[in-house]
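The values are calculated or read from the model by the stated rules, or taken from the named source; none is laboratory data. As the structure is a computational prediction, the values presented were derived from the model and not from experiment. Positions of Cβ are generated from backbone atoms using ideal geometry, with glycine treated the same way; all protein chains shown enter the neighbour counts.
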Amino acid sequence: MLGMQLGEIAPGGTGSGLYGMLIMAIIAVFIAGLMVGRTPEYLGKKIGTREIKFAACYILITPALVLIFTAIAMAMPSTLTSMTNSGAHGFSEVLYAYTSGANNNGSAFAGLNANTPWFNTSIGLAMLLGRFVPMVFVLALAGSLAEQKPIPETAGTLRTNKPLFTGLLVGTVMIVAGLTYFPALALGPLAEGLAS
């Protein structure tokens, strides 16, 4: 499930993987710039507050959809009748359904009867919003970067073709996904694994 929660940037992801990874690269460059006290630059363009706001909105929209729809579904009494399993596994089924809807294809665990008006509508909305709203922020970021004039590379520019940047990028992806989803994973899959 965590692989899907990483978005389409996980190895083997199809669809929006390229622009998802570029967003993460911009965040990683920004973090590196904060650590060394320099204005971050990526591909000859300065990364300013406007670009970071677009990247942050991109990162936040899908988890917000997953977590909000999961919370609403778990608060509804009708959801309990749709779950074959109760407790942590039932929560994992609902969390997976919305994670899959917002990030991927809308599949669900076999133990969840997702063929109800609520689940059909809400997973469909999660799918629609999870696909198209992030694209708006990516296009806005691309437009913001396209407006800038290229700046020359200097000795202080972070080289993005080195192993150091690769490590920073992987760490950024893992930290963003971990901080975003760990509380929900602790209530579902992790609690289920510890209980058995």
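Observations, loosely collected:
- Considering (1) over 22 Å from Phe109 (Cα atoms); (2) surrounded by 14 or more Cβ atoms within 10 Å (Cβ to Cβ), the lone condition that Arg159 does not fulfil carries the number (2).
- Taking the criterion of being free of Cβ contacts under 8 Å to residues at least 60 places away in the same chain and buried (at least 19 other Cβ atoms within 10 Å of the Cβ), the residues of segment 78-95 that qualify are Thr79, Ser82, Met83, Gly90, Glu93, Val94.
- Residue in segment 40-53 that is under 30 Å from Asn113 (Cβ atoms), β-branched (Val, Ile, Thr) and not in a helix (DSSP H, G or I) present: no
- Residue list for segment 72-119, restricted to those being out of contact with any Gly (no Cβ under 8 Å at 6 or more places or on another chain), at pLDDT below 85, assigned to a loop (DSSP other than H, G, I, E, B) and not polar (S, T, N, Q): Ala108, Phe109, Ala110, Ala114
- Segment 16-71 - residue that is among the polar types (S, T, N, Q) and either under 30 Å from Ile123 (Cα atoms) or at pLDDT 90 or above (or both) and, of those, nearest to the chain's Cα centre (by Cα): Thr62
- Within segment 57-77, considering residues that are closer than 18 Å to Val176 by Cα and in contact with a Ser or Thr (Cβ under 7 Å, 6 or more places away or on another chain), the one surrounded by the fewest Cβ atoms within 10 Å (Cβ to Cβ): Pro63
- Within segment 96-118, considering residues that are aliphatic (A, V, I, L, M) and under 18 Å from Tyr181 (Cβ atoms), the one surrounded by the most Cβ atoms within 10 Å (Cβ to Cβ): Ala102
- Residue within segment 102-112 that is in contact with a Ser or Thr (Cβ under 9 Å, 6 or more places away or on another chain) and closer than 30 Å to Arg38 by Cβ present: no
- Any hit, segment 146-162, residues being out of contact with any Asp or Glu (no Cβ under 8 Å at 6 or more places or on another chain), part of a helix (DSSP H, G or I), within 19 Å of Ile52 (Cβ to Cβ) and at pLDDT 85 or above: yes
- The residue list Ala140, Ala186, Ala126 contains one member that is under 20 Å from Ala28 (Cβ atoms), in a helix (DSSP H, G or I) and within 18 Å of the chain's Cα centre (by Cα), which is Ala140.
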